[in-house]
Every structure is written in C-alpha cells, then in structure tokens.
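Take a look at this one; I'll ask things after.
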Amino acid sequence: MKPTRPRMQKGLDRKAQAYTASLPFDRRLYREDIEGSIAHARMLARQGIISEKDAELIVMGLVSIREEMEQGTFPFKEEMEDIHMNIEVRLAEKIGDAAGRLHTARSRNDQIALDMRLYLKRAITETVGRLRGFQKALLELAEANKSVVMPGYTHLQRAQPVLFTHHLLAYFEMAQRDVERFLDCLKRVDVLPLGSGALAGVPYPIDRDFLARELGFGWVSQNSIDAVSDRDFVAEYEAAACLAMMHLSRLVEELVLWSTEEFGLVEMDEAYATGSSIMPQKRNPDVAELARGKTGRVYGHLMAILTTLKGLPLAYNRDLQEDKEGLFDTIDTLHFTLEVLTGMVQTLKVDSARTRKAAEEGYILATDLADYLVKKGIPFRKAHGIVGEVVRYASESGKGLKELTLEEYRRSSNLFDKDVLNITLESSIASRDVPGGTAPEQVKKALARAREILKGDA
Ligand code: ARG
C-alpha cells in the first residue's frame, strides 16, 4: 500500500501515475524539502509535539538523505509521485517508525509552498548576482570607449549623434530596474507558508515564528487558505524575468544589426560567432539570436502560469503542480542567457572609425542647425522649416552639411553666420548638457553613478 492511498485498494493506473508524477522535475527541490523538514522536526520537538529523541532521529536521517542526494546515490522510487514522498519513504527505511511523526502538523500543500518559496529566494539572489555581473560588463565596455561617437537612431534612421557610452548605459539602466524588480519580488517570496496545513491551519501548538527564524523568512503568512493556494510569487518572478529577457533581447538585436557588413559598428568576438555549414565566409551571430529567441519561451511560461491560476477555486488544486517546470526553465534560461551575454559584452569590439563615419554621413546635425537659429531668436517650428530647406538643397547638390559654404547656408536664412561652420559632432554632443543627456560631463556623472551602484552592492 502507498502511504498516500490508505482508502484505496488498487494502485494508480500506470499511465495515470506517470501523468501525475512530479518527481522528474521536483527532485531539484530536495535541498529545500530537507531543510524545511529539519526545521519542522525541531519545532515539533521544542513544542513537545514529538519527543526530542524522535526529532534527533529524524534530523539525522534527513542529513544522511541529503548526503545521498548530493553523492547521487539516493535510491529514487519513480512510483512515489514526488520528491516529498521519496524522502519520507527513504526516511522510514533509515530510522523506522519515528519517520512517521515528521508529517505531524503538516501537509504536502504547505510543504510544497514552502519548498517553492525557499527555492525561489535562492534563485533571486543568484539572478540579481548575474544581473550585477552583466551590468559590470556593460560598465567596463562603456568606460573603455568613452570618446566613441556614434549615430543615435530613431525609427532606425540616424537621428542625432551620441556617445557610445551613453547608448550602452541605457542598457545599464534597464538592468538596474530589473534588479530592483527582482528585489521587490523577493519581499513577497519571503513569507513562510508552513503551518497552514492542508488549508485550514493545524490543530497543534506549533511555533511559526520559530520556523520563520530557522528558515530565514522575514514574514509569516496571514491566511492559511491563501498560503497554500497562492502562486503569485511564481508569476511575479516570471514577469520580472520577461522584462529582463526583453531588455537582453533588444541589446542582442542591436548587436546583430551592428555587426552586419551594412552597419559594421561592432565585432563580436569569434568565441561568440558561429560559422555556416555551406557559406565559408559567414560569421553568424547565433548566440545573440538564441538570446533573442529564448525570450519567446520565457514569455510563454508567464502566460502559462497566469492561465493555470486564473480559474482555480481555493485552496490547493493539483493544477498548481504545473508551476514548476515553467519557473525552473525561466530561471535556467535567464541565468544562462545572462552568463553568456556577459561574456559577449566583455569581448565586444567597437569600430570607432566606423561609428564616427556613420555619424558623419547623413544630415545628423540638422537639429543642431535648427537650435542654432532658435538661439538667434527664431521660433523652433520656423527654424525646423528653414533647416529642412538647407538639407533639401544639400542633398540635391549631393553634399553633406559639412561641405556647405556660408553663402549656401544664407540662401535659406541670413541669420546664418560664420559660426554655423563650427557645428560638429562634438559640439552637438557637448551641447546636450542636461541631466541624463549625452554631453561628456553628464556621461561622466552617469558612469560615476553606475560605479557607485555596483560598489554599493558588492
Ligand atoms: N507535487 C505536488 C505539487 O507540486 C505536491 C503537493 C501535492 N499535494 C497534494 N495534495 N497532492 O503541487
């Protein structure tokens, strides 16, 4: 007879058993499951609910099970549906009847909620650490290319010149918000559900504050029905992961574009480029493309958990078991992506001659010309029109703005003076001297702030 089927005479159908089993994926929760059980056993003994001797036996048994898990010698029984039953049955093999007392004042419903929260707390710490590593790589690349000028784009058309450093720091900001989102999510993960029992609480004088302290939780759940049925925290992590992946995807999309012959602004290190099986000249950005592609499946996991949760009556339903694979895959995908992209950013080469040339081509200083006229007293809208005329003339005569003479400028407005010829990429960039702008002084401050953020966190 199975420990979970006392009223049933038959075993579960073989296919149904395989269908309902979570062992294939919840075995990665063994550490959290054992940790939770050890704290629970200690609490039961402290409260006089089980004897000290039984608690000692239980803890000893659990510690030796953890060793078996770590050494890969744990005899998994596939027919026991999940990690909890595997550990409980193994405990009985090791210490006999005392094992049966561990599940006093507990249900698998609050047990699994506990395991998931413990697991996710650790995962978030790792996520944040990896985001920090990624930010550090961005910052180093930004620092190493402080004088590089590039075209900033809108609608993927050259718009205004910016410092490459400024562009890269945009991604630093995104990653910073991602870090903050994960840390915020952590507050809501950091709640102890144990003590909720199956759904109604437990009829024993347990000490939940002790459990919270032992397991390092900041808070104790306030409603047992909510505690066993809530998976908001899973959806919340996944939502934060979606945004983080979206940011990474935007970055790699730029790197894919920029490393084409058409742009030629950057070169990805060979260690991050793949070849083609047929075209020998190719250097393909498959790594970047996969980071972009994997964003889709992370979005999928968020949609899946939201859909799983939406129609569920309170409290626990087995549907909740579907929270795991998506969450685990989200964590793995995000962490792996961050790790690989950190290396890619660390080894990225910027072609500062190409970025400058790209900025010089086109009529990227047109806004500066309009601003020049505004400073001479013309309303911006009017200045905008005059410069439009200048640009049309230049383009029709096959010239860049740099090649126009003062006389040619004055065809459109006699407010143009000799100093109009002093407008350059550098003067344009330097003039954006507002907080958050691309002027070197502002970018210097932004770099200092970024360094401060990373230092404060170390
Ligand atoms: N494998 C289950 C899950 O992940 C564990 C909880 C089982 N509880 C139950 N009442 N069947 O949700």
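Please determine, by comparing only the residues of the stretch 290-305 that are among the charged types (D, E, K, R) and surrounded by 15 or more Cβ atoms within 10 Å (Cβ to Cβ), which one is farthest from the ligand (Cβ to nearest atom).
Arg292
Condition first: in a helix (DSSP H, G or I) and either away from the ligand (no atom under 14 Å from the Cβ) or touching a residue at least 60 places away in the same chain (Cβ under 8 Å) (or both). Now tell me which residues in the stretch 1-33 satisfy that.
Taking the stretch 1-33 and keeping what is in a helix (DSSP H, G or I), we get 14-20, 23-33.
Residues satisfying the conditions are Arg14, Lys15, Gln17, Thr20, Leu23, Phe25, Asp26, Arg28, Leu29, Arg31, Glu32, Asp33.
Inspect all residues belonging to the stretch 111-132 and state whether any of them is closer than 25 Å to Ala315 by Cβ, within 16 Å of the ligand (Cβ to nearest atom), open to solvent by less than 30 Å² (accessible area, probe 1.4 Å) and hydroxyl-bearing (Ser, Thr, Tyr).
Checked against the condition, which is being closer than 25 Å to Ala315 by Cβ, within 16 Å of the ligand (Cβ to nearest atom), open to solvent by less than 30 Å² (accessible area, probe 1.4 Å) and hydroxyl-bearing (Ser, Thr, Tyr), the stretch 111-132 yields no hits at all.
Search the stretch 268-288 for residues being in contact with a helix residue (DSSP H, G or I) (Cβ under 9 Å, 6 or more places away or on another chain) and open to solvent by 60 Å² or more (accessible area, probe 1.4 Å), and hand back the single one that is farthest from Thr333 (Cα to Cα).
By that ranking, first place goes to Arg283.
Please verify whether the stretch 94-108 includes one or more residues that are in a helix (DSSP H, G or I), free of Cβ contacts under 8 Å to residues at least 40 places away in the same chain and within 14 Å of the ligand (Cβ to nearest atom).
Within the stretch 94-108, one or more residues are in a helix (DSSP H, G or I), free of Cβ contacts under 8 Å to residues at least 40 places away in the same chain and within 14 Å of the ligand (Cβ to nearest atom).
Then there is this: Among the residues of the stretch 306-363, what is the count of those that are of a type in the set (Ser, Thr, Tyr), within 16 Å of the ligand (Cβ to nearest atom) and closer than 19 Å to Ala241 by Cβ?
The total comes to 1.
Still on this model: Have a look at Ala383, Ala359, Ala315 and point out the one that is surrounded by 14 or more Cβ atoms within 10 Å (Cβ to Cβ) and not in a helix (DSSP H, G or I).
Ala315
The values are calculated or read from the model by the stated rules, or taken from the named source; none is laboratory data. Here the structure is a predicted model, which means the values were calculated and not measured. Here the Cβ is made from the backbone with ideal geometry for all residues, glycine too, and neighbour counts use every protein chain on show. We work out accessible area using only protein heavy atoms, side chains counted, and drop any ligands, DNA or RNA first. Shrake-Rupley method; radii C 1.70, N 1.55, O 1.52, S 1.80 Å.
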